[in-house]
1. Can you find, within the range B:234-249, the residue that is farthest from ligand 3 (Cβ to nearest atom) among those that are in a loop (DSSP other than H, G, I, E, B) and either farther than 22 Å from B:Arg295 by Cβ or at pLDDT below 95 (or both)?
2. Among the residues of the range B:214-227, how many are closer than 12 Å to B:Asp195 by Cα and open to solvent by 30 Å² or more (accessible area, probe 1.4 Å)?
3. Please go through (1) modelled with pLDDT of 95 or more; (2) near ligand 2 (Cβ under 10 Å from one of its atoms) for B:Ile193 and return the number of the only condition it doesn't satisfy.
4. Only one of B:Val290, B:Val258 is without any contact (Cβ under 8 Å) to a residue 60 or more places away in the chain, away from ligand 2 (no atom under 14 Å from the Cβ) and not assigned by TED's automatic domain parsing to the domain that holds B:Val6; which?
5. Away from ligand 2 (no atom under 16 Å from the Cβ), under 30 Å from B:Val145 (Cα atoms) and free of Cβ contacts under 8 Å to residues at least 12 places away in the same chain: which single residue out of A:Ile130, A:Ile155 fits that description?
6. All but one of (1) assigned to a loop (DSSP other than H, G, I, E, B); (2) more than 10 Å from ligand 2 (Cβ to nearest atom) hold for B:Leu166; which doesn't?
7. All but one of (1) more than 14 Å from chain B (Cβ to nearest Cβ); (2) away from ligand 3 (no atom under 16 Å from the Cβ); (3) within 17 Å of the chain's Cα centre (by Cα); (4) open to solvent by less than 10 Å² (accessible area, probe 1.4 Å) hold for A:Ala230; which doesn't?
8. Considering only residues that are in contact with a Ser or Thr (Cβ under 7 Å, 6 or more places away or on another chain) and more than 16 Å from ligand 1 (Cβ to nearest atom), which ones fall in the range A:253-287?
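The values are calculated or read from the model by the stated rules, or taken from the named source; none is laboratory data. Since we're looking at a predicted model, the values are computed, not measured. Note that each Cβ is placed from the backbone with ideal geometry, even for glycine, and that neighbours are counted across all protein chains shown. All accessible areas refer to the heavy atoms of the entire protein, side chains included, with ligands and DNA or RNA removed. Shrake-Rupley method; radii C 1.70, N 1.55, O 1.52, S 1.80 Å.
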Protein chains: 2
Amino acid sequence: MRELMVNLGERSYPIYIGEGILNDIASLFDKHGISRKSPLLVVTDDHVAQHYLNGVMSSLQNGGYTAASAVVPSGESSKSLAMLESLTAKALEAGLDRKSAIVALGGGVVGDLAGFVAASYMRGIRFVQIPTTILAHDSSVGGKVAVNHPLAKNIIGAFHQPELVLYDLSTLQSLPARDVRSGLAEVVKHGLIWDAEFVTWCDNNAEKLLALDAEALGYALYKGCSVKAAVVSQDERENGLRAILNLGHTIGHALEAVAGYGEFQHGEAIAIGMIGSAKLGVRLGAPEDVYTVTRRVLGKCGLPVRLPEQYDTDAIMKAMMHDKKFGEGTVTFIVPTAIGKVEINKQIDVTMIRDIVNELKQEADWA
Amino acid sequence: MRELMVNLGERSYPIYIGEGILNDIASLFDKHGISRKSPLLVVTDDHVAQHYLNGVMSSLQNGGYTAASAVVPSGESSKSLAMLESLTAKALEAGLDRKSAIVALGGGVVGDLAGFVAASYMRGIRFVQIPTTILAHDSSVGGKVAVNHPLAKNIIGAFHQPELVLYDLSTLQSLPARDVRSGLAEVVKHGLIWDAEFVTWCDNNAEKLLALDAEALGYALYKGCSVKAAVVSQDERENGLRAILNLGHTIGHALEAVAGYGEFQHGEAIAIGMIGSAKLGVRLGAPEDVYTVTRRVLGKCGLPVRLPEQYDTDAIMKAMMHDKKFGEGTVTFIVPTAIGKVEINKQIDVTMIRDIVNELKQEADWA
Ligand SMILES: NC(=O)c1ccc[n+]([C@@H]2O[C@H](COP(=O)([O-])OP(=O)(O)OC[C@H]3O[C@@H](n4cnc5c(N)ncnc54)[C@H](O)[C@@H]3O)[C@@H](O)[C@H]2O)c1
Ligand SMILES: NC(=O)c1ccc[n+]([C@@H]2O[C@H](COP(=O)([O-])OP(=O)(O)OC[C@H]3O[C@@H](n4cnc5c(N)ncnc54)[C@H](O)[C@@H]3O)[C@@H](O)[C@H]2O)c1
Ligand SMILES: [Zn+2]
Ligand SMILES: [Zn+2]
């Protein structure tokens, strides 16, 4: 079992990564100050519930905890104020008090939703993440929690750090293949912004990751979480450095919006976006391997490396201009300067981005 | 003009109290770091809007700010998730970004609601309070913001401190008399828990306060805010000391619930509750004047000092047992030990409270 601290002063918390952790939940909860005197609420979605809810509930009950559970429909649409209201009702009915904790068992959707319930219930109670997707290695570090508004994603939320994160690798075995690939995009991103050696490791171990090899996955998620933790420790409230986590996301979010939500998986869209960023980096003077390596590693992870021609460049540019990263008229981009290194460049010419988007349509498919 | 700092480290903020401050909004905003580059959203209710919204909007616009406004129906029912959703839409339409501020112009309802919009919009943006009720001297200090859930009051919220508070005494002139009296209950409470001299001052100046004498009001609100600020500075997140602010509230909340919300004003209910606490204090050994002075000052402020017989003691006791201050089975009460001094007593026998509730029905009316 690997252990990692996210250092945030008095809000620091540990992440445990390993196989079979779900059996030890109660002792880890106890070790990290989750009280047995106050009831818990376990929040999950209907896919995850089928596989893991009973196990988690009996682990907790056998360990002396009182816990209620709430199952929301799987998918992004559960990140809503309506669901916040119904989970708050569940918490009230289960008698949660200020010393209670809310437990998120699932992917990023459940983590963001349950985390915001925890952030707002009685103005903030404890929160535990039990991520069950690869993408959730990203969402479970950093304390960003939110629900969506019909007019904008993640617009109603908070910064609310968990007490602990329990990552049981065994749960990833049931994850659909497309979610595996999509999650790997953020793993690779964490290498690209911070750690060249880890990018080389991904290049050499992509096949093991796709095959859900436990040792390889454990290492990759440990490294991914470590990078995210390092960045977040330096900039908890997203005032500066944290922006580098958006590598590939400006183009990626625009693609998701233009294609219609659900068409691209998030990881697929940002894979294309990261290739765009790599091309931009090379144009601005980075060595050529920034592009070739980025493309190769993402391709090996089974992610798209070409933008399908049917998506209109104008529409993509328009969607991008609404992205909040374009604050106060300046066009800011996260630009790689080498493998494992990026800069926050506030002076990027919009026409250069347009060229890049067009070029992304001319990329070869991955062999 | 009086000025007061709420000391909360990097979240410290000033409160300005005086007549005609609304004319100087723009320069005070500017002085305290509210940016002119990002749009503002002024939130108010339909009563307050009639009197003050145009003035505030033109003050801001003349001072170089871009501001949109949103008017919610007056009353407690606006503290809802539905209103959070529609105000978030307003904020998005008005183009609010991370450097924008939300301005609450109104009483505690508008402050709590707009404050929670500010706390959650883009995971937290700046917030300015412009209180227009006497009660709001209480709600504008301490950073507690929230909306209600159909099953519980103030259950969905945050701690989110404002950037500044602008208290224009002129706005209090249009306040209905019942809201004046109700607001004074919290003013007196701040004396009772912290400052015996101020209680004496209230005893001598109650008539001026009821007549909305600007000098007396300014002083009383300054003192009330000062006490609240002192308590909150020592316990921002309500882990201990802050509980003393609940003097009279355990009985008070039960009365509000049993009578049906809206029957008692909040200040009326806690006035009766504070007399109950004073009686309890005397029973437990406090000098007799704890009761006589508490009763006299509240009576002079036109507040009820007797519990009408029609409210069933059993129903009140039952409502009280659901109050969250009864954590983990122990009955905790804020008990006066002298005028200006209280203790947090966790050992109060429920039957003693029942006796007190019954006795409250036998009190004489205020002459
Ligand atoms: N808070 C953050 O910092 C942050 C960062 C990145 C993404 N996010 C958010 O994360 C969300 C996406 O997360 P996600 O990709 O994990 O989505 P998700 O939670 O919807 O999970 C993807 C799908 O896999 C299913 N699933 C989850 N675990 C499973 C398992 N072990 N076995 C079988 N099926 C399983 C789910 O039911 C769902 O259908 C988005 O809402 C995004 O905004 C948040
Ligand atoms: N956040 C906190 O720490 C805290 C503390 C105490 C109370 N509260 C909350 O405050 C709320 C009660 O506050 P309130 O008593 O100010 O209620 P309120 O905001 O509803 O105002 C009372 C009434 O007066 C009207 N009004 C307000 N200002 C006016 C003016 N200047 N002229 C004419 N009419 C005016 C309003 O429209 C309303 O009808 C409750 O929701 C309570 O939960 C919060
Ligand atoms: Zn992402
Ligand atoms: Zn009160």
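1. For the range B:234-249, the residue satisfying everything is B:Gly240.
2. 2
3. Here B:Ile193 clears every test but (2).
4. B:Val290
5. Only one candidate passes the filter, namely A:Ile155.
6. (1)
7. (4)
8. A:Ile275, A:Ala278, A:Gly281, A:Ala286
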